[in-house]
Amino acid sequence: MKNKTSCLPREAGAHPSRCPDNSAFKQQRLPAWKPQLTIATVLSSFFLTGAFCLSVGICLILSTNSIREFQINYSNECSECSKLRENTSNWNKECHCSVNFTLKEDMLGDVFMYYGLQNFYQNHRRYVISRSDAQLLGQNVNIEKSYCSPFATYQNGTPIAPCGAIANSMFNDTIDLFYNLNSSVVQVPLLKTGNSWWTDKNVKFRNPVSYNLSSAFEGTARPPYWQKPVYLLDEEEERNNGYVNDDFIIWMRVSAFATFRNLYRRVERVRQFVDGLPAGNYTFHISYNFPVTKFKGRKHVILSTVVWSGGSNPFLGIAYVVTGTAATLMGFVITAIHLKLRKKKTYFQK
């Protein structure tokens with residue numbers, strides 16, 4: 001067995017030593033703290049964690065239950081339009097339908113309108129990457145080298161703007177809300193801007209630089225399934241066009257699940273709606289353009305309020321309650337084991 005040699009100082013002209021330097025870090029002489037896990041510290045950690053998670057979870061669930069939400073599946077209500085959209089040759093024919101409903105209670109506060117899709121898979125790998133982020137930043141790029149194919153160019157070589165399968169499948173139903181007040185009908189004012197994330201609107205999406213928007217997209221063509229070019233998405237608000245259109249930005253943030261909802265509009269709090277939506281009779285007027293029959297999908301329109309914790313999604317509250325319950329139960333289990341072992345130890349000592 002070889003003797004271990006100590007690291008001695010090197011003499012002048014000697015070969016370099018492989019021993020580490022004589023420093024506090026390399027010789028592991030730094031001060032360190034090692035926790036002493038006693039039964040008191042372990043049990044207090046479990047019980048405090050359980051109490052914290054349970055209290056937060058209960059608060060989240062109570063706040064979620066206070067949300068007022070109304071949802072309508074208009075795929076069945078607009079069955080005639082749905083049949084019309086089954087035939088792709090009818091893409092240029094307009095189809096409108098109406099859905100009547102009644103709000104039994106007031107929806108106070110800010111009211112948001114969502115459109116929901118069911119059985120629409122946005123998480124397919126080829127679908128998710130079918131976009132050009134450089135193009136959406138307003139840069140002049142060769143989209144033929146991007147992942148946008150087969151929605152990159154037309155057969156004549158004209159580039160598509162915006163390119164890719166995500167943009168081509170953009171939701172394009174138009175939904176208006178009307179309030180039936182006595183014998184008159186009042187259109188509910190809806191806000192179409194300010195619905196997307198600030199970072200998306202100001203960082204991730206930008207229009208090409210030009211003296212006007214139509215010239216910025218000169219030499220490009222709209223996606224095959226679109227009815228309007230990208231610079232005419234909003235004919236009422238000029239600044240809400242191109243790649244910075246709120247509806248387009250929201251659609252480009254794909255969902256991880258087959259059933260999802262996207263923010264469509266916000267109710268403007270003016271006139272009769274200054275406090276929200278009053279109880280009464282309402283009507284949705286829908287311009288039906290987005291086909292869902294071929295993939296056995298469903299379309300919904302949702303009216304919902306929000307609270308400090310967000311929208312109507314109880315998952316986070318349930319997760320906190322489950323975590324808190326598990327931590328509390330584990331604390332009781334450890335307590336029972338500790339008491340049982342302590343009794344055995346006392347018995348053997350006697």
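Here are the numbers:
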{"item": "Sites matching chymotrypsin sites (Phe, Trp or Tyr not before Pro) across segment 233-265 that sit in DSSP coil, with at most 16 neighbouring C-beta atoms within 10 Å", "result": "257"}
{"item": "Whole-percent carbon and sulfur share, accessible surface of segment 95-162, 1.4 Å", "result": "47 percent"}
{"item": "Chymotrypsin sites (Phe, Trp or Tyr not before Pro) within segment 285-337, DSSP loop, no more than 16 other Cβ atoms inside 10 Å", "result": "295, 308"}
{"item": "For the chain: rounded, prolate or oblate by the Cα gyration tensor [a/c cutoff 1.5]", "result": "oblate"}
{"item": "Surface accessible to a 1.4 Å probe, per residue, for the residues of segment 68-306, Å²", "result": "54 Å²"}
{"item": "Test item: Cα-centred dipole of segment 68-306, Lys/Arg +1 and Asp/Glu -1 on Cβ, debye", "result": "780 debye"}
{"item": "Cut-off 15 Å between beta-carbons: net charge of the residues surrounding residue 156, Lys and Arg +1, Asp and Glu -1", "result": "0"}
{"item": "Dipole of the chain, positive end: most advanced residue of 244, 109, 341 [Cβ charges, Cα centre]", "result": "341"}
{"item": "Under-27-angstrom lysine pairs by C-alpha in segment 68-306, whenever the two are 8 or more apart or on separate chains", "result": "25"}
{"item": "Three-way shape call for segment 13-141 based on the alpha-carbon gyration tensor, with the a/c threshold at 1.5", "result": "oblate"}
{"item": "Exposure of residue 66 as accessible area (Å², to 10), given a probe of 1.4 Å and all protein chains", "result": "60 Å²"}
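The values are calculated or read from the model by the stated rules, or taken from the named source; none is laboratory data. Predicted model only: the values in this text are computed from it and were never measured. When we count neighbours, we look across all protein chains shown, and the Cβ atoms used for this are built from the backbone with ideal geometry, even at glycine. Side chains are part of the model used for accessible areas, which takes the heavy atoms of the whole protein and leaves out ligands, DNA and RNA. Shrake-Rupley method; radii C 1.70, N 1.55, O 1.52, S 1.80 Å.
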